[in-house]
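A.B. asks: Starting off with a structure, shown below.
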Amino acid sequence: MMERLQDKASEGVNPFALGYDSFREAMVARLGLDRYASAELYSMAVRSGAVDVSALTRLPEREGLGVAVKQALVFPDPRLVTVKEADGVVKFTTRLLDGHEVESVVLPMLNHYTLCVSSQVGCKRGCLFCTTAKMGFVRDLTPMEILDQLYAARHKLSYPIRNIVFMGMGEPLDNFGAVSEAIGVMSDQRGFDIPLRRITVSTVGSAEGIEKLGASPISAVNLAVSVNGATDEIRSRLMPVNRKTPLKSLVETLSRYPFARKGALFAEYIVIEGVNDSPEDARALVAVLSPLAVRYNLIGFNAGPGAPFPSTCQKAVERFRDLLVHEGAYVRIRASKGRDLVAGCGQLGKKSVSSV
């Protein structure tokens with residue numbers, strides 16, 4: 001990333017594209033700032049979305065330095081083409097430089113806001129219940145395109161985001177390099193300062209991707225694995241990834257994952273009436289995942305345009321929760337927020353645009 005920025009040195013340094021260490025290197029090269037001045041400048045820029053030179057206390061007294069600092073920095077300018085709100089949920093669409101669009105969602109929680117970010121334009125995984133899958137795979141997002149979503153939520157829409165969930169468009173572990181780099185910037189204490197324990201990566205459950213995440217510096221994030229089927233027959237019908245990584249292999253892979261703390265693994269389960277919500281499904285699900293210290297997150301299926309199933313009613317979700325609890329599982333129901341905006345789980349997806 002550092003090389004990419006220096007290739008465009010005339011455009012300035014974007015603090016939102018860098019963790020502090022790389023930002024400090026850039027400030028040393030351009031302005032000769034020491035680490036104390038660089039840290040103060042970085043924190044102010046990232047946390048407030050602007051720089052007030054008069055409020056910087058660690059800048060050396062050098063003629064013209066204040067002007068040089070302003071000239072050295074460039075701030076993101078994500079192009080928000082739509083912003084829609086209903087019942088506190090906000091869905092916004094960002095148009096990328098090549099004309100493609102991605103959707104992100106701000107979710108109000110009990111005492112904070114969570115941002116649901118996208119990591120790809122489209123997705124190649126083909127899950128039957130997912131609107132994004134209907135787009136097919138278009139391309140990966142760059143680290144900056146991922147971070148632009150957080151910048152937009154915090155500094156253009158003014159939401160004090162405390163949690164990040166990679167549950168938007170795309171499979172995060174299929175774009176692991178960019179996702180890892182973006183999370184590194186998000187979690188930098190001198191900048192966005194969102195701890196890894198407040199970041200969740202949601203995956204369809206590719207063994208290869210999970211192993212890569214487990215061996216990385218960001219392995220302390222929460223891991224949410226979409227299960228959605230208690231048997232290989234049902235899960236393969238809903239999720240093609242199961243043909244390559246069936247349930248037994250998935251459980252074996254997760255049992256080797258170096259979880260930093262208890263409760264960091266979530267089994268995401270979309271309840272689809274008449275498909276995966278029987279008493280037999282509940283018993284089989286708890287049995288197959290029994291080797292893992294897992295928490296179950298249930299959510300009713302949200303029907304989007306052309307959906308293969310109707311939306312699941314809340315009573316059906318509660319009924320399946322009770323079946324799992326009876327089997328000894330720790331379960332919570334995720335509130336289905338954003339349906340009125342077509343912003344619920346599995347509903348995100350923008351038509352691909354080939355040019356601006």
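A.B. asks: Under the condition of being in contact with an Asp or Glu (Cβ under 9 Å, 6 or more places away or on another chain) and surrounded by fewer than 16 Cβ atoms within 10 Å (Cβ to Cβ), which residue from segment 283-308 is farthest from residue 254 (Cα to Cα)?
C.D. replies: It comes out as 283.
A.B. asks: Still on this model: Inside segment 200-304, counting only strands (runs of 3 or more DSSP E) that do not spill past its ends, which hold 2 or more residues that are β-branched (Val, Ile, Thr)?
C.D. replies: 265-271
A.B. asks: What are the pairs with Cβ atoms under 7 angstrom where one residue, in segment 261-282, is under 20 Å from residue 251 (Cα atoms) and not assigned by TED's automatic domain parsing to the domain that holds residue 236 and the other, located anywhere, is outside any strand (DSSP E or B) and among the aliphatic types (A, V, I, L, M)? Sequence gap at least six, or different chains.
C.D. replies: Qualifying pairs under 7 Å: none.
A.B. asks: Test residue 131 against the criterion of being among the β-branched types (Val, Ile, Thr), more than 16 Å from the chain's Cα centre (by Cα) and exposed (fewer than 15 other Cβ atoms within 10 Å of the Cβ), and give yes or no.
C.D. replies: Judged against the criteria, residue 131 is not a match.
A.B. asks: Let me ask another. Given the residues 90, 102, which is the only one that is closer than 18 Å to residue 144 by Cα and assigned by TED's automatic domain parsing to the domain that holds residue 172?
C.D. replies: Numbers: 90 fails: closer than 18 Å to residue 144 by Cα.
Just a single option satisfies the conditions, and that option is 102.
A.B. asks: Which residues, taken from segment 146-185, are over 12 Å from the mean Cα position of the chain (by Cα), of a type outside the set (Ser, Thr, Tyr) and surrounded by fewer than 24 Cβ atoms within 10 Å (Cβ to Cβ)?
C.D. replies: 152, 154, 155, 156, 157, 160, 161, 162, 174, 177, 181, 184
A.B. asks: Follow-up. Residues to consider are 308, 291; find the one that is in the same structural domain as residue 85 (by TED's automatic domain parsing), modelled with pLDDT under 95 and more than 24 Å from the chain's Cα centre (by Cα).
C.D. replies: Testing whether each residue is in the same structural domain as residue 85 (by TED's automatic domain parsing), modelled with pLDDT under 95 and more than 24 Å from the chain's Cα centre (by Cα) leaves just 308.
A.B. asks: Additional query: Anything in segment 89-108 that is among the hydrophobic types (A, V, I, L, M, F, W, C) and in contact (Cβ under 8 Å) with a residue 60 or more places away in the chain? List them, or say none.
C.D. replies: Listed by number, the residues that qualify are 89, 90, 92, 97, 102, 105, 107.
A.B. asks: Having 2 or more residues that are of a type in the set (Lys, Arg) and surrounded by 13 or more Cβ atoms within 10 Å (Cβ to Cβ) is the bar; report the strands (runs of 3 or more DSSP E) wholly within segment 10-114 that clear it.
C.D. replies: Fully inside segment 10-114 and qualifying: 79-86, 89-95.
A.B. asks: Next up: Residues of segment 91-100 being of a type in the set (A, V, I, L, M, F, W, C) and touching a Leu at 6+ places or on another chain (Cβ under 7 Å), which ones?
C.D. replies: Residues of segment 91-100 that are of a type in the set (A, V, I, L, M, F, W, C), as a first pass: 92, 96-97.
Correct list: 92 only.
A.B. asks: Kindly list the number of the only condition in (1) part of a helix (DSSP H, G or I); (2) of a type in the set (A, V, I, L, M, F, W, C); (3) more than 28 Å from residue 44 (Cβ to Cβ) that fails for residue 121.
C.D. replies: Going through the list (1) part of a helix (DSSP H, G or I); (2) of a type in the set (A, V, I, L, M, F, W, C); (3) more than 28 Å from residue 44 (Cβ to Cβ), residue 121 breaks only (1).
A.B. asks: Need the failing condition index for residue 30 against (1) under 22 Å from residue 148 (Cα atoms); (2) among the charged types (D, E, K, R); (3) touching a residue at least 24 places away in the same chain (Cβ under 8 Å), just the number.
C.D. replies: (1)
A.B. asks: Output the qualifying pairs, or none if there are none: Cβ atoms under 7 angstrom, residues six or more apart or on different chains, first residue in segment 302-322 and closer than 17 Å to residue 335 by Cα, second residue exposed (fewer than 15 other Cβ atoms within 10 Å of the Cβ).
C.D. replies: 303/310
A.B. asks: I want to confirm something. Restricting to segment 188-218 and keeping residues that are modelled with pLDDT of 95 or more and among the small types (Gly, Ala, Ser), which single residue is nearest to residue 229 (Cα to Cα)?
C.D. replies: Among those residues, the one meeting the criterion is 205.
The values are calculated or read from the model by the stated rules, or taken from the named source; none is laboratory data. What you see is a predicted model, and the numbers here were worked out from it, not measured in a lab. Positions of Cβ are backbone-derived with ideal geometry, glycine not excepted, and every protein chain shown enters the neighbour counts.
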